[in-house]
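A short write-up of the structure that comes next.
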Amino acid sequence: MRLNVVTTPEDIQPYLRDESSWTGAAESVSFPQSEDEIREALRVYSQKGAPITIQGARTGITGAAVPVGGHVINLSRFSRALGMRWDDADNRFLLTVQPGMLFSQVQKGLADKEFNTQGWSRESLSAYRRFCAEGRWSFAADITETSASIGGMVSTNASGAKSYLYGPMRAHVVGLRLLLADGRAVTLRRGEQFAQGGFFRLRLEDGTAVEGRLPSYRMPAVKNASGYYIKPDMDLLDLFIGSEGTLAVVTEITLALSPTPARSIGLLAFFGDMPGALKYVQALKRLQGTQKPAAIEYFDRACLDMIRGEQLEARSHKDLPLLPSAEAVYVEFHQPTQADADTRLRQVRLLLQENGGKPAETWLAATPQDLEKLIGFRHAVPESINHIIAERKRGTPMLTKLGTDMAVPDDKLAWVLNLYAESLGTLGLEGLKFGHIGDNHLHVNILPATAEDYRRGKALIQEWARQVIAAGGTVSAEHGIGKLKTAQLLDMYGREAVKEMRALKRCFDPLGLLNPGNMFVSEESG
Amino acid sequence: MSMEIVVCVKQVPASTRVKLNATTNTIIREGIEMMLNPFDAYALEEALRVKAGAGGRVTVISMGIPSAAELLRYALALGADRAVLLSDKRFAGADTLATAYSLAAAVRKLGACDLILCGRQAVDGDTAQVGPSLAQKLGIPHLTAVSRLELSSQRRVLCEKMTDEGYQEIELGLPALLTVVKEINTPRFPNLEDYLRTLDAAVEIWSADDLEVDHARIGYDGSATWVMSTTATERRKNGKEILGPPQEAAELILGTLRQMGWQPASEGRRE
């Protein structure tokens, strides 16, 4: 079998980086279009004993897709939709795709009701015809970077604003087909194979099995993407979601689809100070059940001032009215009827009145077009930050953005917001806070102006991590650990736990070939 | 100077995939997602700004199917004072001539009016004819593609009209009709308070019997033009889709272009 491989430095160049600041090295890159080709690449390159890095769309920001020498298996051409099924038990469609397919392609296929169905089975085509005929269906996993691959989303258990209601990627994956480093495979459905009391035995399709002990640590009770997902009696499917490519290559993903909500509405409310905004947020978080918002997002005054400044310079954001200089809270509701949506709006007006908000100054997005404008605003914040860093880099090349991805338990939200604000103020560092406040998960971006700022910013983030871990939080709530945060994972769970994680990986990948460097360094040093 | 302002708005399909009535070749409007014609949002915003500056009232009118009332309620939430929907099966199938004729009758019924604002064109028909046609029927001056307007004190409005080369400054006496382009402003969001206040606000529904019109001049029968066929631009099937890593794809494309005789500007120039 002829593999499609490139080996010259110019051809390899683009595949040495992802969206983090990290650049790696590799000797060859292959672009398989079938599972057999992947298996062949694994066979050929494992014989060389060199690392094998698996890549999706390389949109990650923790270096997980960055190779550390050896061979790269790039899945961007392994990107088809393979079939559809109607799941009678849960009244929903299931869509099976290859890992290289992009999230945006899945969204578009569902919205336009158009997939390339070449080669689909009769059962799939029948489900597809039914899908085209009735209703509107979406993939409810939500991420900000829509050009990410589905495989990448599985690897990091990706999430976004609407994960507040719909859950992270884990909640939407009902099946995976997995290829181990030695070529053995299994198609695993949710509900089929479980661990028992911390012991697992994964039966593969050739009749053999992989068995061992799960790590014994307990995950913090927060939105979390740090380290392996572990529970003593877990569904073994969940072991692979969020495993950052360290256990197996995912060659097929079966996604659960959900009915598109009939009515979506968004509200952007403005507050004079952070405590005011927080009171409103806490009130929104008390809405549960059918009243629960789809998303609750926060943007501090620095974020709005940044965008407002760009609006006044007439550089961009021309479809948005002039933002005030204020703290902002965005809440979105997905409701089955207009009457339900109107009831939510009345509730929010009350919550605003009771918590220092101003309904007459709260922007309402009641149409898809207006919702798009607010999505544009929310995405503009990290983009503008990147733009500012790029400009500062020109004068001081060593500067990069310093960003955090930490989440804390509910009762620590006010504490962590104050921690961030006060410590930035004390050190005189420029920082912006924004993100998924519904999950107590905020990104703090420190914008260094000098090398000294950068040094102090890095140290400050380490101090925050220490305090967040002690408070029962996580160092990475959605981006994953990759290669950039292995030290933080070690701090979070401790030496023994990371040893157990290495042991787990050894069960599946005894030679340590797959994505070494992700989550933990291969061998403990010292 | 208190102003009576009328804004004409249209409900259009939200996506480019449209279904056509096989017989009349007109767009089937039932059962698909609709939205406010984007250009009309700018017209409405400008009307609200004029009202904020000069005082007065904004009346929004539309000719459409019953569900278009939702659109008009949205306009009320934004700050319009009155909403009128011309809805009647007899209005259906109208071309721009019949539409302008019906709208003119409605505007006359509304009474004295100082300024009429329309979006430059509707994104489903793209003719840009209704505004000018309406002005002619009302016997008032009009200007299209307005990107800026300013009321001056002697019942005149000073406008910037966008052209291909730049813009012209033109002054009109009121009453006048202006069609606007997106450069004119940034439409606001409705605020929560006003939206809830106007949830049950009344949208007046006028049928053909409520207007002084010759029924032979409205709707499909009153149209002077008929859509013979509408085709969506088809995907060119002869093209070759190039997949794969960007570097490789770019080189493949370059190679194909060279085979076709293309040369980059930097090559092949002997100076």
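Quick notes
- Per-region count, the stretch B:20-63, residues of a type in the set (D, E, K, R) and at pLDDT 95 or above: 6
- Options B:Trp226, B:Trp206; residue that is within 28 Å of B:Asp124 (Cα to Cα) and either surrounded by 13 or more Cβ atoms within 10 Å (Cβ to Cβ) or within 14 Å of another protein chain (Cβ to nearest Cβ) (or both): B:Trp206
- Sole residue being surrounded by fewer than 22 Cβ atoms within 10 Å (Cβ to Cβ), away from chain B (no Cβ under 14 Å) and either of a type in the set (A, V, I, L, M, F, W, C) or over 20 Å from the mean Cα position of the chain (by Cα) (or both), chosen from A:Glu383, A:Glu372, A:Glu452: A:Glu452
- Test: A:Asp182 is assigned by TED's automatic domain parsing to the domain that holds A:Val210, farther than 30 Å from A:Val210 by Cα and either assigned to a loop (DSSP other than H, G, I, E, B) or free of Cβ contacts under 8 Å to residues at least 12 places away in the same chain (or both): no
- Only residues that are in contact with a strand residue (DSSP E or B) (Cβ under 8 Å, 6 or more places away or on another chain), farther than 22 Å from A:Phe139 by Cβ and not aromatic (Phe, Trp, Tyr) were counted in the stretch A:250-276, giving 7.
- Residues within the stretch B:177-203 that are more than 10 Å from chain A (Cβ to nearest Cβ) and buried (at least 17 other Cβ atoms within 10 Å of the Cβ), tallied: 8
- Of all the listed residues (B:Arg57, B:Arg73), the sole one being within 12 Å of another protein chain (Cβ to nearest Cβ) and basic (Lys, Arg) is B:Arg73.
- Any hit, the stretch B:235-247, residues being at pLDDT 85 or above and either more than 24 Å from B:Tyr74 (Cα to Cα) or within 14 Å of chain A (Cβ to nearest Cβ) (or both): no
Results for (1) surrounded by fewer than 15 Cβ atoms within 10 Å (Cβ to Cβ); (2) within 14 Å of chain B (Cβ to nearest Cβ), shown as yes or no for each residue.
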site: A:Arg85; (1), (2): no, no
site: A:Gly100; (1), (2): no, yes
site: A:Thr117; (1), (2): no, no
site: A:Ser124; (1), (2): no, no
site: A:Asp142; (1), (2): no, no
site: A:Ser147; (1), (2): yes, yes
site: A:Lys162; (1), (2): no, no
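- Of all residues in the stretch A:322-337, those satisfying the criterion of being within 14 Å of chain B (Cβ to nearest Cβ), under 16 Å from A:Ala366 (Cα atoms) and surrounded by 14 or more Cβ atoms within 10 Å (Cβ to Cβ) are A:Tyr330, A:Val331, A:Glu332, A:Phe333.
- Any chance B:Leu199 is in a loop (DSSP other than H, G, I, E, B), of a type in the set (A, V, I, L, M) and modelled with pLDDT under 85: no
- Check on A:Leu432, in a helix (DSSP H, G or I), over 18 Å from the mean Cα position of the chain (by Cα) and crowded, with 20+ Cβ neighbours inside 10 Å: no
- Note on the stretch A:343-368: residues that are in a helix (DSSP H, G or I), facing chain B (nearest Cβ under 8 Å) and surrounded by 15 or more Cβ atoms within 10 Å (Cβ to Cβ) amount to 6.
- Within the stretch A:36-61, considering residues that are outside any loop (DSSP other than H, G, I, E, B) and among the basic types (Lys, Arg), the one surrounded by the fewest Cβ atoms within 10 Å (Cβ to Cβ): A:Arg43
- Among residues of the stretch B:211-234 that are assigned to a helix (DSSP H, G or I), those with a Cβ under 8 angstrom from a residue that is of a type in the set (Lys, Arg), sequence gap 6+ or separate chain, pair up as B:His215/B:Arg90.
- Residue in the stretch A:142-150 that is assigned to a helix (DSSP H, G or I) and more than 20 Å from the chain's Cα centre (by Cα) present: no
- Residue count for the stretch A:190-218 satisfying the condition of being out of contact with any Gly (no Cβ under 6 Å at 6 or more places or on another chain), of a type outside the set (D, E, K, R) and assigned to a loop (DSSP other than H, G, I, E, B): 11.
- Test set (1) surrounded by fewer than 22 Cβ atoms within 10 Å (Cβ to Cβ); (2) more than 14 Å from the chain's Cα centre (by Cα) - B:Leu149 fails condition number: (1)
- Unique residue being more than 14 Å from A:Asn515 (Cα to Cα), in a loop (DSSP other than H, G, I, E, B), polar (S, T, N, Q) and within 14 Å of chain B (Cβ to nearest Cβ) when the list is A:Gln13, A:Gln33: A:Gln33
The values are calculated or read from the model by the stated rules, or taken from the named source; none is laboratory data. Note that the structure is predicted; figures quoted are calculated from it, not measured. Methodologically, a virtual Cβ is constructed for each residue, glycine included, from the backbone with ideal geometry; neighbour enumeration extends over all protein chains shown.
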